[in-house]
Amino acid sequence: MDIIVTVKQVPDPDIPPRHFQVDEAARKVIPPQGVAPVMNGYDANALEAALRLKDKHGGTVTVVTLGGDRARDTLKRGIAMGADAAIHINDPALLDADAFTTAQALAATVKKIGAFDLVLSGRQASDTDADQVQLGLPAVSPVQKVEEVADGSITVERIVEDGYQRVRSHLPGLPGMSSEANELRYPPLKGIMAAGRAQIPVWTAADLGVGAPERKVAGEQLAPTAQELASEGRRIADQLEQPLVAFLALQDATVDAASLGAYGVERVLVADQPAAEGPGGALVPVSPEWRVAAKIVVSGGRGLGAPDNRKAVDDLAAVLGAAVRASRAVTDAGWVPASHQVGLTGATVAPDLYIAIGISGAVQHVAGITGARTVVAINRDAEANIFKYARFGVVGDWKEILPAFTQRLSETPSER
Ligand SMILES: Cc1cc2nc3c(=O)[nH]c(=O)nc-3n(C[C@H](O)[C@H](O)[C@H](O)COP(=O)(O)OP(=O)(O)OC[C@H]3O[C@@H](n4cnc5c(N)ncnc54)[C@H](O)[C@@H]3O)c2cc1C
């Protein structure tokens, strides 16, 4: 029985979260220096399951990873545990790839290897929780036990909410192994020595014929989730031979429609008025080259105190010709539509000027404004986190500051 195991190198899960840093420009989480990355735990369970099947049925185990030079250590660990061979997908065009491209590259690698009976993987990556597959094999996940492999089929126990299901699928299959599956073996001395000697072939994007550059995470203003959604939409649209259309519900959103084009979107529809967010609203078709750019965004938070107080924000926005947005506290309270939410789980905005009024500056909120050129904050709490991100700050009650500010701006438009 020839088994391929896909493994990913991840930051050591024992590192406390406070030791990670966020590179906001690169939009990356940086693990601490000096702590070696490890094999994704679920992948190690998949490898252990593969080695047990090999112990029982004979055959070979090949470990495959996609990653930079350092990812080779994970393959060596796989060989030390007992794998017979390893393949390293290493290409600058594929590093930082999204889940779609990674799955595409792994699928191409499995197909290039050619002869195999089973592909085992971990149920998901422990760092990103990604678990996308594109092999076209029967995929069953999460699996707590490989019960039997016989007569061209595999029987496994798949974890469900209230217990487990017994699932039988044809070979070759693709079980996604969970940590309940087994206890990992320690690499024997013989394996460690074999790992030291192992020559590991490197395959590039060109070797695999995968088109990473077009679908790699690259857009500056499009949230990664939207990129992945567009990539997956492209795949489905290809299958259905239909055009891929994106719908932006955010009026005046600062979204680079051209970057949607880079992800295979052929047409972008933008809501041109708030009513478009509900039934019967108007949609404006635009080409992917079209760019929606609000140069000034005025955003209100829970510090406004009551829904009616939003008028003060609207007044300022009207004077500045700005788009109005809000924190999640405000959208959750139903003061404005959910599409107005800025932040991690809302929209990313990148205006020249972002004015935050009564917003504390929670990390989830500021995640959506890292592209803003200048942030101005009004908050009565001098210690509010938003001031760490603001170029200009006013400490005080917005009720005293905002009307005077709006009045002054309306009187002296030339100063804007
Ligand atoms: C998984 C997850 C995802 C999330 N995603 C988002 C997201 O995408 N976007 C987002 O915004 N949040 C998000 N949140 C919520 C986030 O953690 C905060 O709870 C939220 O941003 C707080 O909103 P706020 O700043 O308006 O309210 P608060 O934190 O209550 O802050 C109100 C601020 O107003 C100030 N204030 C009060 N009265 C006045 C006054 N009269 N004058 C001046 N200042 C005053 C206060 O000093 C305070 O700083 C998320 C949370 C989770 C757990």
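If you check Ala25 against the conditions, is it surrounded by 20 or more Cβ atoms within 10 Å (Cβ to Cβ), closer than 22 Å to Thr128 by Cβ and among the small types (Gly, Ala, Ser)? Even if it seems obvious, please write down each step before you answer.
On the way: surrounded by 20 or more Cβ atoms within 10 Å (Cβ to Cβ): no; closer than 22 Å to Thr128 by Cβ: yes; among the small types (Gly, Ala, Ser): yes.
Answer is no for this residue.
When Val292, Val313 are screened for being more than 10 Å from the ligand (Cβ to nearest atom), at pLDDT 95 or above and not small (Gly, Ala, Ser), only Val313 passes.
Take the range 361-384 and flag every residue that is surrounded by fewer than 17 Cβ atoms within 10 Å (Cβ to Cβ) and either charged (D, E, K, R) or more than 21 Å from the chain's Cα centre (by Cα) (or both). If the condition is that a residue be surrounded by fewer than 17 Cβ atoms within 10 Å (Cβ to Cβ) and either charged (D, E, K, R) or more than 21 Å from the chain's Cα centre (by Cα) (or both), then Arg373, Thr374, Arg380, Asp381, Ala382, Glu383 are the ones that fit.
When Arg27 is tested against (1) under 20 Å from the mean Cα position of the chain (by Cα); (2) at negative phi, just one condition goes unmet, and that condition is (2). Just one of the listed residues (Ala46, Ala80) is at pLDDT 95 or above, crowded, with 19+ Cβ neighbours inside 10 Å, more than 26 Å from Leu344 (Cβ to Cβ) and touching a Pro at 6+ places or on another chain (Cβ under 6 Å), and it is Ala80.
The values are calculated or read from the model by the stated rules, or taken from the named source; none is laboratory data. Owing to the predicted nature of the structure, the values given are computational and were not obtained by experimental measurement. Counting neighbours? That spans all protein chains shown, and the Cβs are built from the backbone with ideal geometry, glycine included.
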